[in-house]
Amino acid sequence: MREDDVIMDCESELAIGLEKFEDGDLPGAEKHFKKCTLEEPGNYNAWLYLGICLSEQEKFKEAIEAFNKCTEIDEFQPYAWSNMGIVYQKQRELFEAVRHFFKAAKLDPNDVYTRLNLALSYLKMRNKEHEALRELKFVIERDDSLPEAWHHLGLIFMDLMKKGYALYCFLRAKSLGMKGGKNNRLIIDLKFDEIEARDPFDPCNRDDAFKLGKEDSR
């Protein structure tokens, strides 16, 4: 078989795999991604999508192996590093998750999803709240449409006793479609306490909002 035919076959398998993945047929997608890796072992995207597909099926060991193949093909692409971070995060191996997200962030500092995942991993670790705060600030300054970022920033402000900023964040998360009852319960509790919402990104508030230390900020 000619090299062009191999590449064409691999691209066809990849396209079919992506269709099946989008339709929720993960075993079917996995089969086609694997075929592509066999036909063209140096295809970065085939290994990447295979790893993502395996991760979605909680086949974490195989997913890591697929992502490691990606890094062997091109260690300077951030996607495999970031997805390995997600796998470790799912397994609560937080130091490994942070290490891989940090590597991905060095390769692409402006990827807000990697930086958000880095923040969420920091939040699950002890004594890493300020690192999480820094990352969430970065994310929202670049993309203020992510409800999860606002919600978790609100949780940090709650812990820092900066309740006015927390309420503002929870309200923003709700307005952006944040699902789940916890966000709404916190809004109700803070309003019951007559807390006034304050925008932490307002230039008048920014220094106060993001300085270290706890206070009862209304």
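With an 8 Å cut-off on Cα pairs and a minimum separation of 6 or more residues, tell me the relative contact order of the stretch 144-218 in percent. Kindly include the intermediate steps, with their values, before the conclusion.
Details: 103 pairs, mean separation 28.6, N = 75.
RCO, the stretch 144-218: 38 percent.
Give me the orientation-averaged projected area of the Cα convex hull of the chain, in nm², one decimal.
Here the figure is 13.4 nm², rounded to one decimal.
At q = 0.13, 0.22, 0.28 Å⁻¹, what log₁₀ I(q)/I(0) does the stretch 75-143 have when each alpha carbon counts as one equal point scatterer in the Debye sum?
-0.30, -0.84, -1.23
Give me a comma-separated list of calculated 3J(HN,Hα) values for the stretch 131-137, in order, Karplus coefficients 6.51, -1.76, 1.60 applied at θ = phi - 60°, integers in Hz, x for any Gly or Pro.
5, 5, 4, 4, 5, 5, 4
HN-Hα J couplings of the stretch 46-56 from phi, Karplus 6.51/-1.76/1.60, θ = phi - 60°, integer Hz, Gly and Pro as x?
Karplus values, whole Hz, x for Gly and Pro: 4, 5, 4, 5, 4, x, 4, 4, 5, 4, 4.
³J(HN,Hα) across the stretch 9-22 via Karplus (A = 6.51, B = -1.76, C = 1.60, θ = phi - 60°), whole Hz, x for Gly/Pro?
So the Karplus estimates, Gly and Pro as x, are 4, 5, 5, 5, 4, 5, 5, 5, x, 5, 4, 5, 4, 5 Hz.
Could you tell me the relative contact order of the stretch 1-116? Use alpha-carbon pairs under 8 Å, at least six residues apart, and round to a whole percent.
Values: 141 pairs, mean separation 18.3, N = 116.
Computed value for the stretch 1-116: 16 percent relative contact order.
Taking only the alpha carbons of the stretch 144-218, what extent do you get along each of the three principal axes, in Å, biggest first?
29, 26, 17
Given the stretch 1-118 reduced to its alpha-carbon atoms as identical point scatterers, what log10 I(q)/I(0) does the Debye formula return at q = 0.10, 0.12, 0.15, 0.23 Å⁻¹?
Debye curve over Cα of the stretch 1-118, log10 I(q)/I(0) at q = 0.10, 0.12, 0.15, 0.23 Å⁻¹: -0.30, -0.42, -0.65, -1.22.
Got the relative contact order for the stretch 83-155 handy, in percent, Cα pairs under 8 Å and 6 or more residues apart? Present the calculation step by step, with values, prior to reporting the outcome.
Working: 74 pairs, mean separation 16.3, N = 73.
Relative contact order, the stretch 83-155: 22 percent.
We did not get these values from a lab; they are worked out from the coordinates using the rules stated. As the structure is a computational prediction, the values presented were derived from the model and not from experiment.
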